[in-house]
């Protein structure tokens, strides 16, 4: 369970804009849903192997606290990490994650959020789909260039994307400000012509995650990035922003 919890923390809370997730589990699948506090990204994921203790619907709030607990050296491979369940309306439901050292001399209980409360706070998102005009696997070189341009234009919170003679270019700023642009991905198929805005920090945070990535951008105003962490398949949906 610890490996899965650390994976979930890294790929959600690690973006810097998420501190609450919704878990929906059955015998066949464990699904994750989270929405950034600033609505800049929606994260959904399916674990490759369902966690039997995660059956039901519950929330994981205050992810920074869970990250802290998971980071304690006391909870090594000999520690006991288990799900505490309670009876609600005749059904056993997850209530807390219990952490205990082998000797029982260091204990933490991380309280979960009830189904009714999490469903009110994190509502299911209906995405009707989009025509993905550009699709590619980002390169290390492209990501490094993006980071350098974001440093040079640190006052900019967003960037725009357009295609130019078959290359996907990223633009910071405009003619009335300091500005910069570069080729993020050469030799793409498809065209992007609309000047949608995308959040710099969130985009870079996703690019920094380990695992195979695929980026899809629609001229209709959406970007989808999928990341395979090894333990789960994560999907990041970024709605376009406007000034």
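The values are calculated or read from the model by the stated rules, or taken from the named source; none is laboratory data. Fair warning: this is a prediction, and the values are worked out from it, not measured in the lab. Here Cβ is always computed from backbone atoms with ideal geometry, including for glycine, and neighbour counts include all displayed protein chains.
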Next item on the list: Test residue 108 against the criterion of being more than 30 Å from residue 197 (Cβ to Cβ), in a helix (DSSP H, G or I) and either assigned by TED's automatic domain parsing to the domain that holds residue 235 or touching a strand residue (DSSP E or B) at 6+ places or on another chain (Cβ under 9 Å) (or both), and give yes or no.
Entry: no
Notebook entry, point to check: Does the stretch 171-181 include one or more residues that are outside the structural domain of residue 28 (by TED's automatic domain parsing) and under 22 Å from the mean Cα position of the chain (by Cα)?
Noted result: no
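Listed here are the residues, each with its yes/no results for (1) assigned to a strand (DSSP E or B); (2) buried (at least 18 other Cβ atoms within 10 Å of the Cβ); (3) at pLDDT below 95; (4) in contact with a strand residue (DSSP E or B) (Cβ under 6 Å, 6 or more places away or on another chain).
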{"position": "6", "(1), (2), (3), (4)": "no, no, no, no"}
{"position": "12", "(1), (2), (3), (4)": "no, yes, no, yes"}
{"position": "27", "(1), (2), (3), (4)": "no, no, yes, no"}
{"position": "33", "(1), (2), (3), (4)": "yes, yes, no, yes"}
{"position": "37", "(1), (2), (3), (4)": "no, no, yes, no"}
{"position": "66", "(1), (2), (3), (4)": "no, yes, no, yes"}
{"position": "81", "(1), (2), (3), (4)": "yes, no, no, yes"}
{"position": "86", "(1), (2), (3), (4)": "yes, no, yes, yes"}
{"position": "93", "(1), (2), (3), (4)": "yes, no, yes, yes"}
Item checked: Lone unmet requirement of (1) at pLDDT 95 or above; (2) within 20 Å of residue 167 (Cα to Cα); (3) crowded, with 18+ Cβ neighbours inside 10 Å for residue 196 -> (1)
Checklist line | Residue tally, condition surrounded by 12 or more Cβ atoms within 10 Å (Cβ to Cβ) and assigned to a loop (DSSP other than H, G, I, E, B), over the stretch 68-79 | finding: 4
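Using the structure shown, decide if residue 139 is under 26 Å from residue 233 (Cβ atoms), surrounded by 14 or more Cβ atoms within 10 Å (Cβ to Cβ), modelled with pLDDT of 95 or more and under 22 Å from the mean Cα position of the chain (by Cα).
Taking the combined requirement at face value, the residue does not satisfy it.
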